[in-house]
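Asker: The following block contains the structure, expressed as structure tokens.
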Amino acid sequence: MFSFTNQDVLVVGGSSGIGLATAKAFAAAGARVTIASRSGEKLAAALKEIGDGSRSQVLDTGDALAVESFLAAHTWNHVVVSAAKTPSGPVRQLSLEDAHTAMESKFWGAYRVARAARIRDGGSLTIVSGFLSVRPSATSVLQGAINAALESLVRGMALEFSPVRVNAVSPGMIRTPLWSGMDDDKREAMFAAVAEKLPAKRAGEPEDIANAVLYAAATPFTTGSTIVVDGGGSIA
Ligand SMILES: NC(=O)c1ccc[n+]([C@@H]2O[C@H](COP(=O)([O-])OP(=O)(O)OC[C@H]3O[C@@H](n4cnc5c(N)ncnc54)[C@H](OP(=O)(O)O)[C@@H]3O)[C@@H](O)[C@H]2O)c1
């Protein structure tokens, strides 16, 4: 549907889940794709799935110097940030240390990439947030606040970085390795229960989010937007 032929695309967090689906979709649409994340092993496995011509870079978004030096050496048409590992829990049970770790990983990680990325005019930056920004959960309050902060950051950066466009894509619950810490039975029961409650009557797949990221990158009139892809979760 979209064409990104001869365009350079960086997907930070592209070795797994939403980022990997996004990298595959960009590659299928003709882009030269680079994926970046911390684990070289995960990157190597992901590259095999993405296909010929894709590249990888070991990068921790928590390492400001590494982020700056990698990004100073390249210019991109489109940059996507889908990298995060965030401890979660009720405010009174999540330790302050874990709360800081979550904000550090998802908010400041994206901020560092956004600040350092060199993006060509007419190109785009897309940050993956999450629907808890507008539909809070009593057991993941901070996660909602981090997502809301990112969505607000995106609106401001769309003004500052113009004519580069800046958007957020806000997923509902998506079937990715993020949930791999749960027992298989419990995870499948959780997804079935969520699907039952959602107006869309299905669980979210990483490809659903990749579609929205490619839309944001390809559409020259879309900037400062948060595109919600949550099966109706924020209204249910
Ligand atoms: N899945 C959902 O239900 C859901 C719902 C709403 C929002 N989201 C958001 O969507 C984004 C992607 O989640 P996902 O479900 O695709 O998770 P995932 O499958 O666990 O993928 C996370 C990716 O981020 C990378 N990463 C983590 N920390 C990093 C760091 N410090 N520096 C660089 N890369 C890092 C991981 O690779 P390494 O481990 O190799 O670094 C991996 O490639 C996250 O922001 C998440 O909060 C997910």
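Asker: From the list LEU150, LEU142, LEU159, exactly one residue is closer than 18 Å to THR223 by Cβ, open to solvent by 30 Å² or more (accessible area, probe 1.4 Å) and of a type in the set (A, V, I, L, M). Which is it?
Answerer: Values: LEU150 fails: open to solvent by 30 Å² or more (accessible area, probe 1.4 Å); LEU142 fails: closer than 18 Å to THR223 by Cβ.
Just one listed residue meets the conditions, LEU159.
Asker: Please verify whether ILE127 is among the aliphatic types (A, V, I, L, M) and not in a helix (DSSP H, G or I), treating the condition exactly as stated.
Answerer: Details: among the aliphatic types (A, V, I, L, M): yes; not in a helix (DSSP H, G or I): yes.
Yes, satisfied.
Asker: I'm checking my understanding of the structure. Among residues of segment 77-87 that are more than 9 Å from the ligand (Cβ to nearest atom) and closer than 17 Å to GLY109 by Cβ, which one is surrounded by the most Cβ atoms within 10 Å (Cβ to Cβ)?
Answerer: Start the filter on segment 77-87 by keeping residues that are more than 9 Å from the ligand (Cβ to nearest atom), which leaves 77-80, 87.
If we keep only those that are closer than 17 Å to GLY109 by Cβ too, we end up with 79-80, 87.
Working: VAL79: 28, VAL80: 32, PRO87: 15.
So the residue we want is VAL80.
Asker: Quick one: how many residues across segment 88-117 are of a type in the set (Gly, Ala, Ser), assigned to a helix (DSSP H, G or I) and in contact with a strand residue (DSSP E or B) (Cβ under 7 Å, 6 or more places away or on another chain)? Working first, answer last.
Answerer: Looking only at segment 88-117, we keep the residues that are of a type in the set (Gly, Ala, Ser), and these are 88-89, 95, 99, 102, 105, 109-110, 114, 116-117.
Still in the list and also assigned to a helix (DSSP H, G or I): 99, 102, 105, 109-110, 114, 116.
Applying the additional criterion that residues be in contact with a strand residue (DSSP E or B) (Cβ under 7 Å, 6 or more places away or on another chain) yields 110, 114.
So the count comes out to 2.
Asker: Looking only at segment 41-61, filter to residues that are over 19 Å from HIS78 (Cβ atoms) and surrounded by fewer than 12 Cβ atoms within 10 Å (Cβ to Cβ); which one of those is farthest from the ligand (Cβ to nearest atom)?
Answerer: The extreme case among them is ASP52.
Asker: Give LEU10, LEU65 a once-over and let me know the one that is open to solvent by 70 Å² or more (accessible area, probe 1.4 Å) and not β-branched (Val, Ile, Thr). Reasoning before the result, please.
Answerer: On the way: LEU10 fails: open to solvent by 70 Å² or more (accessible area, probe 1.4 Å).
When all the criteria are applied, what remains is LEU65.
Asker: For the subset of segment 172-204 comprising residues that are in contact (Cβ under 8 Å) with a residue 40 or more places away in the chain and open to solvent by less than 100 Å² (accessible area, probe 1.4 Å), which member is farthest from ARG135 (Cα to Cα)?
Answerer: As a first pass, look at segment 172-204 and keep what is in contact (Cβ under 8 Å) with a residue 40 or more places away in the chain: 172-174, 176-178.
Still in the running and open to solvent by less than 100 Å² (accessible area, probe 1.4 Å): 172-174, 176-177.
Numbers: GLY172: 10, MET173: 12, ILE174: 15, THR176: 20, PRO177: 22 Å.
The qualifying residue farthest from ARG135 (Cα to Cα) is PRO177.
Asker: Mind listing just one residue for me: the one in segment 205-220 that is open to solvent by less than 50 Å² (accessible area, probe 1.4 Å) and not small (Gly, Ala, Ser) and, of those, nearest to ILE18 (Cα to Cα)? Even if it seems obvious, please write down each step before you answer.
Answerer: Our first condition is that a residue be open to solvent by less than 50 Å² (accessible area, probe 1.4 Å); within segment 205-220, this holds for 206, 208-210, 212-214, 216-219.
Checking the rest, the ones that are also not small (Gly, Ala, Ser) come to 206, 208-209, 213-214, 219.
Values: PRO206: 5, ASP208: 9, ILE209: 7, VAL213: 10, LEU214: 12, THR219: 20 Å.
The selected residue is PRO206.
Asker: Go through (1) of a type outside the set (A, V, I, L, M, F, W, C); (2) assigned to a loop (DSSP other than H, G, I, E, B); (3) open to solvent by less than 20 Å² (accessible area, probe 1.4 Å); (4) within 16 Å of LEU125 (Cβ to Cβ) one by one and return the number of the condition THR223 breaks.
Answerer: Condition (3) is where THR223 drops out.
Asker: Report yes if GLY53 is out of contact with any His (no Cβ under 9 Å at 6 or more places or on another chain) and farther than 27 Å from PRO220 by Cβ, otherwise no. Let's see the steps before the verdict.
Answerer: Details: out of contact with any His (no Cβ under 9 Å at 6 or more places or on another chain): yes; farther than 27 Å from PRO220 by Cβ: no.
In short, no.
Asker: Going residue by residue through segment 22-40, is there one that turns out to be at pLDDT below 95 and open to solvent by 30 Å² or more (accessible area, probe 1.4 Å)? Give the derivation first.
Answerer: Narrowing segment 22-40 to residues at pLDDT below 95: none.
Scanning segment 22-40 turns up no residue that is at pLDDT below 95 and open to solvent by 30 Å² or more (accessible area, probe 1.4 Å).
Asker: Which of (1) out of contact with any Asp or Glu (no Cβ under 9 Å at 6 or more places or on another chain); (2) more than 13 Å from the ligand (Cβ to nearest atom) is the odd one out, the single condition ALA149 does not satisfy?
Answerer: Going through (1) out of contact with any Asp or Glu (no Cβ under 9 Å at 6 or more places or on another chain); (2) more than 13 Å from the ligand (Cβ to nearest atom) one by one, ALA149 breaks only (2).
Asker: Could you please give the count of residues in segment 134-165 that are assigned to a helix (DSSP H, G or I) and either within 27 Å of ASN77 (Cβ to Cβ) or in contact (Cβ under 8 Å) with a residue 60 or more places away in the chain (or both)? Spell out how you get there, then give the answer.
Answerer: If we filter segment 134-165 for residues that are assigned to a helix (DSSP H, G or I), which is where we start, we get 141-160.
Adding the requirement that they be either within 27 Å of ASN77 (Cβ to Cβ) or in contact (Cβ under 8 Å) with a residue 60 or more places away in the chain (or both) leaves 146-147, 149-160.
So the count comes out to 14.
Asker: Can I ask one more? Output the number of residues of segment 187-215 satisfying the condition of being part of a helix (DSSP H, G or I), within 15 Å of the ligand (Cβ to nearest atom) and charged (D, E, K, R).
Answerer: Result for segment 187-215: 5.
Asker: Here is a further query. For segment 104-122, what are the residues that are closer than 17 Å to ALA149 by Cβ and away from the ligand (no atom under 12 Å from the Cβ)?
Answerer: Quick first cut of segment 104-122, residues closer than 17 Å to ALA149 by Cβ only: 104-115.
Listed by number, the residues that qualify are TYR111, ALA114, ARG115.
Asker: Among ILE209, ILE227, ILE235, which is the only one that is over 25 Å from ALA28 (Cβ atoms) and not acidic (Asp, Glu)?
Answerer: Details: ILE209 fails: over 25 Å from ALA28 (Cβ atoms); ILE227 fails: over 25 Å from ALA28 (Cβ atoms).
Exactly one residue qualifies, and that residue is ILE235.
Asker: Just one of VAL134, VAL113, VAL91 is farther than 22 Å from PRO177 by Cα, touching a Ser or Thr at 6+ places or on another chain (Cβ under 9 Å), open to solvent by 40 Å² or more (accessible area, probe 1.4 Å) and not small (Gly, Ala, Ser); which is it? Before the answer, list the steps.
Answerer: Values: VAL113 fails: open to solvent by 40 Å² or more (accessible area, probe 1.4 Å); VAL91 fails: touching a Ser or Thr at 6+ places or on another chain (Cβ under 9 Å).
After applying the criteria, what remains is VAL134.
The values are calculated or read from the model by the stated rules, or taken from the named source; none is laboratory data. All figures in this text were calculated on a predicted structure; none of them were measured in a lab. Don't worry about glycine lacking a Cβ; one is built from the backbone with ideal geometry, like all the others, and counts go over all protein chains shown. Just the protein is used for accessible areas: all its heavy atoms, side chains included, with ligands, DNA and RNA removed. Shrake-Rupley method; radii C 1.70, N 1.55, O 1.52, S 1.80 Å.
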